[in-house]
């Protein structure tokens, strides 16, 4: 585990008053997004909340409602979708998945940040609905040969499935221009440090703390 670059000391008045952000990580399968997501969530000093999706898929015996997903009916999902209460949504193998807006908004309003592990299509939907709150990072593999080797080392998929994942990866990689930051994951520890640096810088952006800065400056000028 890498030592966090995010300070664990008490936040400044500006940091406490800022609006939270949505950090989106995307990558082709096998490029490291899931591992980086797990590292970020395990690092308590980083203080990120994971966006838990809603789904119409049946709950598996190993899954906990509200932890892995919020399991809802198709009718409820369609109501949320039609009311604009989902930041992004998709249909996969006949089941619906989506990110509920209200729960994310609660976290952002409390000056905390939300982590999303979604693909480029979901990323574009979230950006369209909340452009000022989104920070996007795309993770690239060092080479297609290495990506294939990582998929093969998993020993989870057949040769045909791996071939399909590699074909999909090439399509996803072409979307890199739609992201704010692009990192090559040739060294996991370094890539993690880079993600932390991006997060720290984005948290300090004036636009996210405009109200808090204004109030603090007013107090300074009255002294």
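A few comments on the model shown:
- Restricted to the stretch 112-140, and to residues there that are under 21 Å from residue 186 (Cα atoms) and at pLDDT 95 or above, the residue that is surrounded by the fewest Cβ atoms within 10 Å (Cβ to Cβ) is 140.
- Those helices (runs of 4 or more DSSP H) lying entirely in the stretch 74-138 with at least 3 residues over 26 Å from residue 207 (Cβ atoms): 74-82
The rows are residues; the columns are (1) in contact (Cβ under 8 Å) with a residue 40 or more places away in the chain; (2) over 21 Å from residue 138 (Cβ atoms).
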residue: 22; (1), (2): yes, no
residue: 64; (1), (2): no, yes
residue: 72; (1), (2): no, yes
residue: 94; (1), (2): no, yes
residue: 106; (1), (2): no, yes
residue: 110; (1), (2): yes, yes
residue: 113; (1), (2): yes, no
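- Here residue 14 clears all of (1) modelled with pLDDT of 90 or more; (2) assigned to a helix (DSSP H, G or I); (3) in contact with a helix residue (DSSP H, G or I) (Cβ under 7 Å, 6 or more places away or on another chain) except the condition numbered (1).
- When residues of the stretch 17-33 are limited to those that are out of contact with any strand residue (DSSP E or B) (no Cβ under 7 Å at 6 or more places or on another chain) and within 24 Å of residue 165 (Cα to Cα), the one surrounded by the fewest Cβ atoms within 10 Å (Cβ to Cβ): 29
- Filtering 165, 208 for residues that are farther than 25 Å from residue 16 by Cβ and more than 16 Å from the chain's Cα centre (by Cα) leaves a single hit, 165.
- Cross-chain or 6+ apart pairs with Cβ under 6 Å, the stretch 145-164 first and at positive phi and in contact (Cβ under 8 Å) with a residue 12 or more places away in the chain, then surrounded by 10 or more Cβ atoms within 10 Å (Cβ to Cβ) and not in a helix (DSSP H, G or I): none
- Residue within the stretch 91-102 that is surrounded by 11 or more Cβ atoms within 10 Å (Cβ to Cβ), closer than 27 Å to residue 191 by Cβ and either at pLDDT below 95 or touching a strand residue (DSSP E or B) at 6+ places or on another chain (Cβ under 7 Å) (or both) present: yes
- Candidate set from the stretch 17-52 (those that are in a helix (DSSP H, G or I) and farther than 21 Å from residue 97 by Cα); member that is farthest from the chain's Cα centre (by Cα): 17
- Among all positions in the stretch 206-219, there is at least one residue which is touching a helix residue (DSSP H, G or I) at 6+ places or on another chain (Cβ under 6 Å) and surrounded by fewer than 17 Cβ atoms within 10 Å (Cβ to Cβ).
- Residues within the stretch 176-205 that are in contact (Cβ under 8 Å) with a residue 60 or more places away in the chain, in contact with a strand residue (DSSP E or B) (Cβ under 9 Å, 6 or more places away or on another chain) and within 28 Å of residue 148 (Cβ to Cβ), tallied: 5
The values are calculated or read from the model by the stated rules, or taken from the named source; none is laboratory data. Since this is a predicted model, take the numbers as computed values, not measurements. All Cβ positions, even for glycine, are placed from backbone atoms using ideal geometry, and neighbour counts span all protein chains on display.
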